[in-house]
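**Q** Below are the structure tokens for one structure; questions will follow.
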Amino acid sequence: MAGYVVRRVLGMVLLLFLLTLTVFFLFNMMPADPARLTCGKACSPAVIEANRHHLELDIPPIEQYQRFVSGIFFGRTFSKDTPRPIECEAPCLGYSFLRNTEVLTLIARAAPVTFWLAIGGFLTWMVVGLTLGIVSALKRGRWIDRTIMGIALIGYSLPSFFIGLVLIFFVILDWNLLPFPQWTTPDKDLGRFVQTMLLPWITIATLYAAFYMRLTRNQVLEIFGEDYIRTARAKGLPERIVVVKHALRAGLTPIVTAAGLDLAGLLGGAIITENIFSLPGLGSLAIGSVLASDLPLITGITLLTAALIIFANLIVDLLYAVIDPRVRVG
């Protein structure tokens, strides 16, 4: 087990190194001039050249990358030769000159919104998807099974922006069941927090829940055909024990794989959902940074979200070893 963990951790470290290298050169070595993008409308060659010097773009690319990586671990100083240099403490993902704020500070402000959206949506789709998938497998061929699979097909076919707009129109505007979302943290006003996040959770969870219904149903039905399941039933074990302890655990591997990657890749859904419901999360921040051509902020968001996906893959690999000990040998 220890050797398996060490191999996976070393692999993650290598991927993180390649990630920083790719992200840095992808966004900082593009044809557009980053110094020109931070200049605004009234821009002269002298101002552009000054911006290039402040952004440290007038040094070789390799040295730029070294300073970028060094800033993550040890911090960094921008505009050193000015009367008021900018100190960026570790971990420094860059400095947004368009917003006059450290990139990590901007991400830290927006991250709690996306965190609660991701956690709430994840729990919603896992509970709904696993429960209805198991029920559908147990009632195979009956009207309950056909109804659940029909709902899953509809939910899987509808885009998230359509679901969000429909919920806003009917639940908020037409029926007045909920107020329009207004972000607040759960420690300040739990009631308003739940009212604000309920519809975004449903919106982001609908597509995933539909997928997990079908995935769970197929896995449980496949395991039900195994010899050890028939043996367990022949021994007189209660159906609940057969389903939960034997069938569901044996079919967890693909479900864990999908869950880990979906949770880490929620930024794509968050971009749409947060903009529909006016939530100030990472999705909205990413859209704003792209529209403003804020390269340091784009780089920081991309690096952070990609690192989360790599870390989620590590967690999934470790969970494999817990669920199926045979994986440790590979």
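The values are calculated or read from the model by the stated rules, or taken from the named source; none is laboratory data. Just so it is clear, the model here is predicted, and its values are computed rather than measured. All Cβ positions, glycine included, derive from the backbone under ideal geometry; neighbour counts span all protein chains shown.
Table: residues versus (1) in contact with a strand residue (DSSP E or B) (Cβ under 6 Å, 6 or more places away or on another chain); (2) farther than 30 Å from Ile315 by Cα.
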position	(1), (2)
Val6	no, no
Phe17	no, no
Val47	no, yes
Arg52	no, yes
Asp58	no, yes
Tyr65	no, no
Phe73	no, no
Ser79	yes, yes
Ser96	no, yes
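**Q** Scan the range 54-93 for residues that are among the aromatic types (Phe, Trp, Tyr) and within 19 Å of Ala35 (Cβ to Cβ) and jot them down.
**A** Selection gives Tyr65, Phe68, Phe78.
**Q** For Leu304, all conditions in the list (1) at pLDDT 75 or above; (2) surrounded by fewer than 20 Cβ atoms within 10 Å (Cβ to Cβ); (3) assigned by TED's automatic domain parsing to the domain that holds Phe115 hold save one; what is the number of the exception?
**A** (3)
**Q** Quick one: how many residues across the range 159-209 are acidic (Asp, Glu) and either surrounded by 13 or more Cβ atoms within 10 Å (Cβ to Cβ) or assigned to a helix (DSSP H, G or I) (or both)?
**A** Here the count works out to 2.
**Q** Take Ile168 and tell me if it is at pLDDT 90 or above and either outside the structural domain of Leu279 (by TED's automatic domain parsing) or within 26 Å of Leu261 (Cα to Cα) (or both).
**A** no
**Q** Which of the following residues is within 29 Å of Leu282 (Cα to Cα) and assigned by TED's automatic domain parsing to the domain that holds Leu285: Thr147, Thr196, Thr131?
**A** Thr196
**Q** Also, I was wondering about something else. Go through the range 285-302 and report how many residues are in contact (Cβ under 8 Å) with a residue 40 or more places away in the chain and more than 14 Å from Leu106 (Cα to Cα).
**A** 2
**Q** Something else: Return yes or no: is Leu26 at pLDDT below 90, part of a helix (DSSP H, G or I) and surrounded by fewer than 18 Cβ atoms within 10 Å (Cβ to Cβ)?
**A** Against the criterion (at pLDDT below 90, part of a helix (DSSP H, G or I) and surrounded by fewer than 18 Cβ atoms within 10 Å (Cβ to Cβ)), Leu26 qualifies.
Yes/no matrix, rows are residues, columns are (1) in contact (Cβ under 8 Å) with a residue 24 or more places away in the chain; (2) surrounded by 13 or more Cβ atoms within 10 Å (Cβ to Cβ):
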| site | (1), (2) |
| --- | --- |
| Arg36 | no, yes |
| Val69 | yes, yes |
| Thr82 | yes, no |
| Glu89 | no, no |
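**Q** Can I ask one more? Return a yes/no flag: does the range 197-205 have any residue that is among the polar types (S, T, N, Q) and under 28 Å from Arg146 (Cβ atoms).
**A** yes
**Q** On to the next question. Taking the conditions exactly as written (over 23 Å from Trp116 (Cβ atoms), at pLDDT 75 or above and among the aromatic types (Phe, Trp, Tyr)), does Tyr228 satisfy them or not?
**A** For Tyr228, the condition - over 23 Å from Trp116 (Cβ atoms), at pLDDT 75 or above and among the aromatic types (Phe, Trp, Tyr) - is met.
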